[in-house]
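Trainee: Dumping the structure here so I can ask a few things about it.
The values are calculated or read from the model by the stated rules, or taken from the named source; none is laboratory data. Everything numeric in this text was worked out from a predicted model, so none of it was measured. Here Cβ is always computed from backbone atoms with ideal geometry, including for glycine, and neighbour counts include all displayed protein chains. Surface accessibility is based on the protein's heavy atoms, side chains included, excluding ligands, DNA and RNA. Shrake-Rupley method; radii C 1.70, N 1.55, O 1.52, S 1.80 Å.
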Amino acid sequence: MKPVSYLFKEKIWITPALYSMGAILLSLGAFYLDLLVIGKIDDYIPSIFLTKVEDGQTILGILTAAMLTMTTFTFSTVLVVLTMYTSQFSPRAPENFIRSATTRHVLGIFLGGFLYNMLSLLYMQEEVFGHEVLSTWIGIVIVFFCIATFAYYIHFVATNIQVSTLINRLIGDAEKVIAYYKSLYDQKHATLENWKPQTLEGTVNAEKAGYVQFIDLAELVEIAENGQAEIEVLVTIGDYVFEGKPIMKIHSNSPDQVDVNEKMLIGDERTAEQDLGYAVQKIIEVAIRATSPGRQDPNTANDILIRLGHVLGEMGHLMTDGLVLTDEAGHNRLLYRFSAYSDVLYKAFYQIAYHSKKDVSVFIAMTDSLIVAASIAPEMRHETIWKTMQYILESLDEGELKSLDREFLQQKVDELAALTGHEKTNIV
C-alpha cells in the first residue's frame with residue numbers, strides 16, 4: 001500500500017475534505033460553547049469578544065459571502081495557472097502545481113472558513129441564545145487567517161508561474177527519487193553475481209492494465225524475509241503492463257503463500273514519486289517546449305539542460321544492471337532492475353537533439369550537460385556518456401555552423417573527450 005504522503009498527493013480532495021470536517025466540528029463546538037458555557041461566564045469575558053445574536057447574524061452573513069467570493073476566486077486562479085502550465089510548459093507540468101501541499105492546504109482553509117461561517121450563521125438564532133455569543137468572534141479570527149493565507153497564496157502563484165521555479169521543483173523531484181534509491185542501496189545491497197535463487201518459482205501477474213506507479217521495495221524485502229523467499233521484480237516503475245502480464249517471480253518452497261499484491265500499485269497515469277524516467281521526461285519536455293517554433297526561448301532550454309547534467313551524473317551511481325537488496329542477515333531477498341544507463345541518456349537527449357538541430361546553442365548546452373554528468377558519474381559510465389555525445393553530434397546540422405560556432409563547440413567536445421578518456425574528435 002502506498003504511504004499516506006503519496007495518497008494525499010494523488011487524491012487532491014482529501015486535504016480540503018479534512019479541513020471541511022474540522023470546520024464542521026469547530027462550528028458545533030462553538031455552538032455548544034455558546035449554548036452551555038458562555039452564558040455562565042460572560043461576566044469574565046471582555047465584551048469586545050462577545051456580540052449580540054442579531055449583530056452576529058449580520059456579521060456572519062457578510063463573512064460567509066466574503067469567504068465564498070474568496071474561495072471562488074482561488075479556484076479560478078488555480079484553473080488559470082493549470083491552463084498556463086499546460087500551454088507554456090508541458091501537459092504533465094500542472095500536476096506539480098495542483099498536487100503541491102500549498103495548493104491543497106489553501107483550498108482546504110478557504111472551504112473550512114466558508115463552512116464554519118455558514119454553519120454558525122445557521123445556528124445563530126435568537127430563540128436559542130438569550131445572551132451574547134462568542135461564535136462571531138471566532139469567525140472573524142478565521143476570516144483574518146484566510147486573508148493572510150490569500151495574500152501568501154498570491155505570492156505563491158506569482159512565484160510558481162515562473163519557469164525557474166518549475167525547473168527547481170522538477171529537478172528536486174528527480175533528486176528525491178535518486179536519493180531514495182541510493183538510500184536503499186547504501187542500507188542493504190549485494191552484487192548481481194550473488195543472485196542465484198535455487199528454490200521453486202512462482203509468478204505474480206498484473207491484475208489490471210496500467211502504469212506501474214509504486215513498488216514498496218523495502219516492504220517486499222521484509223515479506224521475502226518472513227516467507228524465506230527471494231523476489232525478482234520483472235518490471236520497472238513507469239512501465240505499462242497489461243492484465244495478466246508477469247510482473248514478479250517468487251522463488252520459494254511455497255511461492256503461493258507469499259502475498260505481494262498490496263505492495264505494488266498500477267494506475268492510469270505515471271507518477272514521479274519513484275519513476276526516475278518520468279521525472280527526467282518532465283524536465284526534458286519543458287526544454288523542448290522552450291525551443292518550439294512558437295516560443296523560441298533557447299536560453300531556458302540551455303539552463304535546463306545544464307542542470308539536467310547533474311541529475312544524469314547522480315543517476316550514474318545507481319546500479320542500473322540490477323539492484324539486489326538483502327535482509328539483516330545478508331541473505332538476498334529482492335532483485336530490481338532499472339533502465340540501462342545508455343537508455344536513460346538516449347531518452348534524455350534524442351527528442352531535443354532532433355527538434356533543435358539548427359540551434360548550435362542548444363547543442364553546446366547538451367555538451368555542457370554531458371560534461372557535468374561525466375564529472376559526477378563514476379568512471380564506468382564514461383564510455384556511455386561519450387557514445388551519447390557522438391550520437392548528439394550526428395544530429396547536428398553542420399550547414400548551420402559558422403566558424404566561431406564550430407570552434408566553440410569543438411572546445412566543449414574536446415573537454416568531454418578529456419574527461420572520459422577518449423581521443424579528440426573533430427566535429428566536422
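Trainee: State in Å² the accessible area per residue of the range 288-342; use a 1.4 Å probe, count heavy atoms of protein chains only, and round to the nearest integer.
Mentor: Values: 2130 Å² over 55 residues.
Per residue, the range 288-342 has an accessible area of 39 Å².
Trainee: Rounded to whole Å and sorted largest first, list the principal axis extents of the Cα atoms in the range 36-132.
Mentor: 60, 21, 20
Trainee: Just need the relative contact order of the chain here, percent rounded to a whole number, with Cα pairs under 8 Å and 6+ apart.
Mentor: Values: 627 pairs, mean separation 62.4, N = 428.
For the chain, the relative contact order is 15 percent.
Trainee: To continue, here is another question. How big is the antiparallel share of DSSP beta bridges in the chain, given as a percent to the nearest 5? List each step's numbers first, then the result.
Mentor: Working: 21 of 23 bridges.
Of those bridges, close to 90 percent are antiparallel.
Trainee: Over the range 12-146, calculate the relative contact order: mean separation of alpha carbon pairs under 8 Å at least 6 apart, over the residue count, as a percent. Display every interim value, and only then the final one.
Mentor: Values: 138 pairs, mean separation 69.4, N = 135.
The value is 51 percent.
Trainee: Now for a separate question. Roll a 1.4 Å probe over the protein chains and send me the accessible area per residue for the range 67-216 in Å². Please report the intermediate quantities before stating the final value.
Mentor: Details: 7160 Å² over 150 residues.
That works out to 48 Å² per residue.
Trainee: Give a residue-ordered list of calculated ³J(HN,Hα) values for the range 287-304 (Karplus: 6.51 cos²θ - 1.76 cosθ + 1.60, θ = phi - 60°; whole Hz; x for Gly, Pro).
Mentor: Taking θ as phi minus 60°, the curve returns 5, 5, 4, 5, 9, 5, x, x, 10, 6, 10, x, 4, 5, 4, 5, 5, 5 Hz for the range 287-304.
Trainee: Same structure again: In percent, what relative contact order does the range 321-424 have, based on Cα pairs under 8 Å that are 6 or more apart in sequence? Kindly include the intermediate steps, with their values, before the conclusion.
Mentor: On the way: 95 pairs, mean separation 27.4, N = 104.
Worked out over the range 321-424, it gives 26 percent.
Trainee: Would you please state the base-10 log of I(q)/I(0) at q = 0.09, 0.12, 0.13 1/Å for the chain, with intensities from the Debye formula using one equal scatterer on every alpha carbon?
Mentor: -0.75, -1.02, -1.10
Trainee: Using a Debye calculation, one point per C-alpha and no hydration shell, please list log10 I(q)/I(0) for the range 194-350 at q = 0.16, 0.18 Å⁻¹ in order.
Mentor: -0.92, -1.08
Trainee: Would you compute the Debye intensity of the range 198-277 from its alpha-carbon atoms alone, equal scatterers and no solvent, and pass along log10 I(q)/I(0) at q = 0.19, 0.27 Å⁻¹ to two decimals?
Mentor: So the normalised log intensities work out to -0.77, -1.29.
Trainee: Same structure, new question: Can you compute 3J(HN,Hα) from phi for each residue in the range 107-123, using the Karplus curve 6.51 cos²θ - 1.76 cosθ + 1.60 with θ = phi - 60°, rounded to whole Hz and x for Gly and Pro?
Mentor: Computed from phi, the couplings for the range 107-123 are 4, x, 5, 5, 5, x, x, 5, 5, 4, 5, 5, 5, 5, 5, 5, 6 Hz.
Trainee: Output the peptides 270-277, 154-161 sorted from most to least packed, where packing is the average of other Cβ atoms within 10 Å over each peptide's residues. Intermediate values should be presented prior to the final figure.
Mentor: Working: 270-277: 22.1, 154-161: 13.8.
Taking the mean over residues of other Cβ atoms within 10 Å, the ranking is 270-277, 154-161.
Trainee: When the accessible area of the chain is computed with all protein chains present and a 1.4 Å probe, what percentage of it is carbon and sulfur?
Mentor: On the way: 11860 of 20890 Å².
After summing per-atom areas, the C and S share lands at 57 percent.
Trainee: Starting from the amide H of residue 205, placed 1.01 Å from N in the peptide plane, find each other amide H under 5 Å away whose residue is 5 or more places distant or on another chain.
Mentor: Excluding prolines and chain starts, which carry no amide H, the hits are 247.
Trainee: Whole-Hz ³J(HN,Hα) for each residue in the range 76-89, computed from phi via Karplus 6.51 cos²θ - 1.76 cosθ + 1.60 with θ = phi - 60°, x for glycine and proline: what do you get?
Mentor: Here the 3J(HN,Hα) series is 5, 4, 4, 5, 5, 5, 4, 5, 5, 4, 5, 7, 8, 10 Hz.
Trainee: From the convex hull of the Cα coordinates of the range 252-334, what is the mean projected area in square nanometres? Before the final figure, lay out each step's value.
Mentor: Working: hull surface 35.7 nm².
Across all orientations, the range 252-334 yields a mean hull projection of 8.9 nm².
Trainee: Name the lysines eligible as straight-distance cross-link partners of residue 40: C-alpha to C-alpha under 22 Å, and not fewer than 8 places from it in the same chain.
Mentor: Correct list for residue 40: 52.
Trainee: Another question, if that's okay. What does the charge count near residue 242 come to, summing +1 for each Lys or Arg and -1 for each Asp or Glu among other residues with Cβ under 15 Å from its Cβ? Mind dumping the intermediate values first?
Mentor: On the way: positive: 208, 245; negative: 207, 239, 243, 268.
Here the charged neighbours net out to -2.
Trainee: Then there is this: Largest first, what is the accessible-area ranking of 182, 282 with a 1.4 Å probe?
Mentor: On the way: 182 55, 282 10 Å².
Correct descending sequence by accessible area is 182, 282.
Trainee: Hey, which of these cross-link pairs are over 23 Å Cα-Cα: 176/249; 347/387; 249/282; 208/263; 176/282; 182/282? Walk me through the intermediate numbers first.
Mentor: On the way: 176/249 28 Å; 347/387 13 Å; 249/282 31 Å; 208/263 15 Å; 176/282 15 Å; 182/282 21 Å.
From the list (176/249; 347/387; 249/282; 208/263; 176/282; 182/282), the Cα-Cα distance tops 23 Å for 176/249; 249/282.
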